[in-house]
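Right, one structure below, let's go through it.
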Amino acid sequence: MSVTVTVADLNQSAPAEEGQTVLEALLAHGIGFAYSCQAGNCGTCRCELVSGDIMEREYSEHALSADERGRGIILACRSQVWGDVVVRRLDAESFIVHPSRVLRCRVADVTALTHDILRLRMDIVSGGPFTFSAGQFASLEFAFAPGAVRDYSMASRPDEKQLEFHIRVMPSPNSVSGRLAAALKPGDMVKVSGPLGTSYLRIRHAGAMLCVAGGSGLAPIKSIVETALEDGFDQPVHLYFGARAERDVYFEAELAELQKRFRRFRAHIVLSESEGETATTLLPRRRGLVTEAVAADFAAMKGFKTYFAGPPPMVDAATALARARGVESRDIHADAFFPATTAPRQLAEMR
């Protein structure tokens with residue numbers, strides 16, 4: 001039996017067969033809709049269920065929280081239709097879809113930022129232009145591991161010519177990141193596909209901005225903060241960078257310089273496992289969990305726009321705190337770097 005899937009804010013409809021997902025029906029009939037993993041892990045295809053009968057397949061809590069589901073938000077890739085369905089895209093006024101590109105890039109340099117995080121900078125050789133919003137990510141495939149695709153967030157700003165990624169190196173020398181650390185060199189070619197993700201900078205927001213990063217989650221947060229400040233965002237911008245110990249801290253000099261240049265910007269470095277005194281630093285250190293530092297500084301955050309990136313427990317805690325402090329769900333943008341073994345490509349690493 002044929003039913004209809006309608007995107008209310010686009011005023012477009014597509015026929016669907018019972019049991020087909022909302023996303024499958026829309027894409028099959030040429031209706032543009034944001035998506036990425038198609039497996040219920042990334043949250044890119046979140047939308048509001050206005051009306052209709054659906055059955056949901058299993059999905060990750062990082063893609064769709066219980067609170068969001070309770071407010072009628074669904075994942076288009078996991079929602080099977082069993083009757084006429086009407087959905088509405090989230091944040092339709094600021095909804096951005098950049099052209100999908102497959103790029104050939106040449107490695108410019110590979111630099112160690114910490115004991116287990118590398119900075120990879122690349123020049124685009126072909127397939128461009130590559131446009132993206134600060135906070136998005138791309139899929140990378142390296143010549144030494146054909147078929148092994150890894151997702152990494154852009155640390156560079158959209159207006160920069162080079163692409164920059166921060167890659168966490170996993171302990172196993174057989175992991176793709178381990179092999180990358182040992183073998184990747186300037187001049188090597190890398191395939192880059194994207195952009196992907198919806199946890200990107202909303203430049204028209206009128207309130208304060210709170211950014212919380214853990215580990216290599218600083219990559220998309222760096223892009224978001226630098227882009228906002230350079231574009232003239234005139235509201236307070238607060239960045240909290242959580243790391244385990246001193247050896248896990250990076251980008252400190254750049255954060256300190258941004259504070260000097262932009263009086264509305266404040267950066268905080270929070271160490272969760274460090275003991276004793278910290279050596280002389282450019283920015284003071286705080287102790288404990290990064291979300292505890294945020295909670296201590298803000299009793300209320302109504303009107304804030306928030307961006308979180310890093311390990312899932314940190315992202316979950318930051319999201320819960322933001323909601324408890326009055327941040328609207330539509331103003332919370334989170335990118336949890338979950339283990340890739342839960343993704344459809346069966347990857348064995350984290351971003």
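Structure notes:
- Contact order relative to length of the chain, as percent, for alpha carbon pairs under 8 angstrom and 6 or more apart: 14 percent
- Relative packing of 259-267, 329-337, which averages over residues the other C-beta atoms within 10 Å, highest first: 329-337, 259-267
- Selection from Thr306, Cys37, Gln235, by position along the positive dipole direction of the chain (Cβ): Gln235
- Residue order, fewest to most beta carbons within 10 Å, for Thr6, Thr306: Thr6, Thr306
- Estimated [θ] at 222 nm from DSSP helical runs (n ≥ 4, -39500 (n - 2.57)) normalised by residues in the chain, nearest 500: -5000 deg cm²/dmol
- Among Val125, Val22, Val327, residue whose mean-square fluctuation peaks in a GNM of the chain (springs only between Cα atoms under 10 Å): Val125
- Residue-by-residue Karplus 3J(HN,Hα) for region 320-337, coefficients 6.51, -1.76, 1.60, Hz, glycine and proline x: 4, 5, 4, 5, 5, 8, x, 6, 5, 4, 5, 9, 9, 10, 10, 10, 7, 7
- Cα long-axis angle, helix 218-230 against the chain (0 to 90 degrees, to the nearest 10): 90 degrees
- Under 5 Å between amide hydrogens, built in the peptide plane, is the criterion, and for Tyr307 it picks out Leu210, Cys211, Val212, His333 among residues at least 5 positions away or on other chains.
- Set of lysines with alpha-carbon distance to Lys185 below 21 Å, sequence-local pairs under 8 removed: Lys161
- Among Phe33, Phe144, sorting on how many other beta-carbon atoms sit within 10 Å of each Cβ, with the fewest leading, yields Phe144, Phe33.
- Top positive-direction residue, dipole computed over region 101-198 with Cβ charges, set Leu103, Ser133, Leu113: Leu103
- Shape of region 209-336, Cα gyration tensor, a/c cut at 1.5: oblate
- Neighbour-count ranking [beta-carbon atoms within 10 angstrom, fewest first] of Glu257, Glu164, Glu58: Glu58, Glu257, Glu164
- Ranking Leu90, Ala14, Val3 by Cα position along the charge dipole of region 2-94, where only Lys, Arg, Asp and Glu carry charges on their C-beta atoms, puts Leu90 farthest toward the positive end.
- Using the Cβ of Leu239 as centre and a radius below 10 Å, the other residues enclosed give a net charge of +2, where K and R count +1 and D and E count -1.
Laboratory data are not the source of any read-out in this text; all were calculated from the coordinates shown. The structure displayed is predicted, hence computed values, not measured ones. Cβ sites come from the backbone with ideal geometry, for glycine too, and all protein chains shown count toward neighbours.
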